[in-house]
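Comments concern the structure below.
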Amino acid sequence: TQLLEQSPQFLSIQEGENLTVYCNSSSVFSSLQWYRQEPGEGPVLLVTVVTGGEVKKLKRLTFQFGDARKDSSLHITAAQPGDTGLYLCAGKSGSARQLTFGSGTQLTVLP
Amino acid sequence: NAGVTQTPKFRILKIGQSMTLQCTQDMNHNYMYWYRQDPGMGLKLIYYSVGAGITDKGEVPNGYNVSRSTTEDFPLRLELAAPSQTSVYFCASSYLNSRGESYEQYFGPGTRLTVT
């Protein structure tokens, strides 16, 4: 069974601060995705990374896939209250037909 | 497009009752999934389907059943509901890219189920 561990589990910061969320595994993934989930809603895809070492930027969010494709990070610059939510990473191995989800990081950005 | 729709949004069941959670997608996606999410946790896969007539177990299938008679619909059946099945249930769908790999999953709004 492939496991994805996310850290930290909870994060509460002030508006304007920077933060990094981590997603780690001992398994290699062919692709890794990051989702954000707001209360009462389903997760929404933010980004997919597929190449080791790949970096993708989405406005103030920067996503990186580890060189060995076993880990990923999400960095948010100058966090805003609208960034509040549950951030989930999800990995897919080459042969699997489903995703493995991490347990999530609950982010709260205080105004 | 409505995307992925789920009904009902909320439901309270008594122990031992049965119910079906409905899921429909209008994106012609061949892959569909059912997850459960417990408070403050990630998603656990219950069942998934790679096409009409084909279903397979996920990580936590016990106490649930599914069917996939059409591309659009993927209902989840709970038989003999138990308090441990209190959770939020999400249906999702995805497509195959040009390399035959399934990628982004599109989620419904969820069904919040309480079993008492």
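Read-outs throughout are calculated quantities, based only on the coordinates presented, and are distinct from any laboratory measurement. Fair warning: this is a prediction, and the values are worked out from it, not measured in the lab. Glycine also receives a Cβ, built like all others from the backbone with ideal geometry; neighbour counts cover every protein chain displayed.
Overview of values
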{"item": "Partner aspartates and glutamates for A:Lys92 [C-alpha distance under 18 Å; skip if fewer than 8 residues away on the same chain]", "result": "A:Glu5, A:Glu54, A:Asp67, A:Asp71, B:Asp56, B:Glu59, B:Glu101, B:Glu104"}
{"item": "Which of B:Val50, B:Val60, B:Leu80, positive extreme of dipole for chain B (C-beta unit charges)", "result": "B:Leu80"}
{"item": "Where trypsin sites (Lys or Arg not before Pro) fall in DSSP loop in segment B:30-116, at most 10 other Cβ within 10 Å", "result": "B:Arg99"}
{"item": "Efficiency of FRET between A:Lys56 and A:Ser7 - r from beta-carbon atoms, R0 22 angstrom, step 0.05", "result": "0.60"}
{"item": "Rough spin-label spacing in nm, given labels placed 7 Å along Cα→Cβ, for B:Asp26 and A:Leu110", "result": "4.4 nm"}
{"item": "Average other protein chain Cβ within 10 Å of Cβ, residues A:32-42", "result": "4"}
{"item": "Potential lengthening between B:Ser69 and B:Ala82 on full extension [0.36 nm per residue; Cα-Cα distance subtracted]", "result": "2.0 nm"}
{"item": "Per-residue mean of C-beta atoms belonging to partner chains within 10 Å, peptide A:100-106", "result": "4"}
{"item": "Among B:18-25, A:84-91, B:48-55, A:96-103, the order from most to least packed when residues are scored by Cβ within 10 Å on average", "result": "A:84-91, A:96-103, B:18-25, B:48-55"}
{"item": "Enclosed volume per residue, in Å³, of the convex hull spanned by Cα atoms of chain B", "result": "97 Å³"}
{"item": "Rounded to the nearest 20 debye, dipole of the protein assembly as shown from Cβ charges on Lys, Arg, Asp, Glu", "result": "260 debye"}
{"item": "Unit charges on C-beta of K, R, D, E only; dipole of segment B:4-96, Debye", "result": "260 debye"}
{"item": "For segment A:1-108, size of Cβ-based charge dipole, Lys and Arg +1, Asp and Glu -1, in debye", "result": "380 debye"}
{"item": "Percent of Cα-Cα distances greater than 17 Å, calculated over segment A:5-110", "result": "49 percent"}
{"item": "Inter-site label distance for B:Met41 and B:Leu96 at 7 Å from Cα along Cβ, in nm", "result": "3.3 nm"}
